[in-house]
1. For residue 80, what accessible area in Å² do you get when you roll a 1.4 Å probe over the heavy atoms of the protein chains, rounding to the nearest 10?
2. Largest first, how would 10, 58 line up by accessible area (1.4 Å probe)?
3. If I model a spin label at residue 184 and residue 134 as a point 7 Å from the Cα along the Cα→Cβ vector, what separation in nanometres do I get?
4. Tell me, what is the percent relative contact order of segment 64-166, built from C-alpha pairs under 8 Å that lie six or more residues apart?
5. For residue 54, which aspartates and glutamates qualify as cross-link partners when the Cα separation must be under 16 Å and same-chain residues fewer than eight apart are set aside?
6. Nearest 0.05, what FRET efficiency do residue 61 and residue 198 give at R0 = 25 Å with Cβ-Cβ as r?
7. Going by amide H atoms built from the backbone, whose H comes under 5 Å of the H on residue 135, apart from near neighbours?
8. Apply the Karplus parameterisation 6.51 cos²θ - 1.76 cosθ + 1.60, with θ equal to phi minus 60°, to every residue of segment 61-74 and state each ³J(HN,Hα) to the nearest whole Hz, in sequence, with x for glycine and proline.
Amino acid sequence: MKRVLITGFDKFGNNTTNSSGDIARTFNGKKNEKYEVRGVMLPTVYNTAVQRLKEEIDSYNPDVVMCLGLFGGRPNITVERVAINVTDEDMADNEGNIIQNEPILENGETAVFSTLPVTNIVKTLRENGIPAAVSNTAGTFVCNHIFYNLITYLKSKGKNIPAGFIHVPFLPEEVAKNDEYVKKMPSMPLDLSLKAIELAVEETVKD
Ligand code: PCA
């Protein structure tokens with residue numbers, strides 16, 4: 001029985017929803033013959049999110065960590081390949097912190113890779129009719145920040161487990177109520193994003 005830690009975020013910026021948090025909450029407590037899940041919604045706050053993630057890793061001792069976030073504007077599930085050692089965003093996090101052009105970890109590695117089976121997850125999702133792609137940038141906001149810290153923390157503890165980050169699109173509800181978004185923004189229903197993450201977990205725990 002593998003222990004899977006899934007995290008998502010609460011809503012941030014102008015968004016009124018964040019499906020990544022809904023997904024994490026929905027998975028919390030799920031259990032079958034292969035795995036059990038602890039699902040946690042993290043605040044979209046640089047330091048607090050990292051702190052909470054580390055606490056969850058220490059207390060739950062997971063065999064897999066899958067962090068999720070919203071990437072409004074992307075049309076598909078994007079499985080992130082790499083996190084870079086920089087935070088640079090005009091938008092404030094949910095506690096008003098603005099971080100621009102700063103390394104996440106002074107003298108840290110320039111970039112760290114996901115240890116999830118990134119390409120296999122994308123292949124499985126697409127075979128199941130879900131639009132998905134590998135992404136080579138998780139941005140430079142809180143998602144990249146937590147992804148970089150996740151991989152770095154696990155390395156520092158010598159914990160060699162599959163871990164990484166997946167971005168999900170806007171919910172249709174978010175797009176429907178916004179006069180500008182509705183003209184051009186893609187979206188994905190919660191059910192389909194949930195199915196995608198379930199398939200991603202299955203692909204990851206199968207080895
Ligand atoms: N998405 C943001 C932060 C929280 C979230 O869900 C990001 O992509 O950085």
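1. The accessible area of residue 80 comes to roughly 0 Å².
2. Values: 10 45, 58 80 Å².
The ordering from most to least exposed comes out as 58, 10.
3. If labels sit at residue 184 and residue 134, their model points lie 2.9 nm apart.
4. Once normalised by length, the contact order is 45 percent.
5. Straight-distance partners of residue 54: 63.
6. Working: r = 22 Å, r/R0 = 0.88.
Taking R0 as 25 Å, the efficiency between residue 61 and residue 198 is 0.70.
7. 79, 80, 81
8. Going residue by residue, I get 6, x, 9, 9, 10, 10, 9, 10, x, 8, 10, x, x, 7 Hz, with x marking Gly and Pro.
The values are calculated or read from the model by the stated rules, or taken from the named source; none is laboratory data. This is a predicted model, so every value here is computed, not measured. Cβ coordinates were reconstructed from backbone atoms using ideal geometry, including for glycine residues, and neighbour counts include every protein chain displayed. Accessible surface areas use protein heavy atoms only, side chains included; no ligands, DNA or RNA. Shrake-Rupley method; radii C 1.70, N 1.55, O 1.52, S 1.80 Å.
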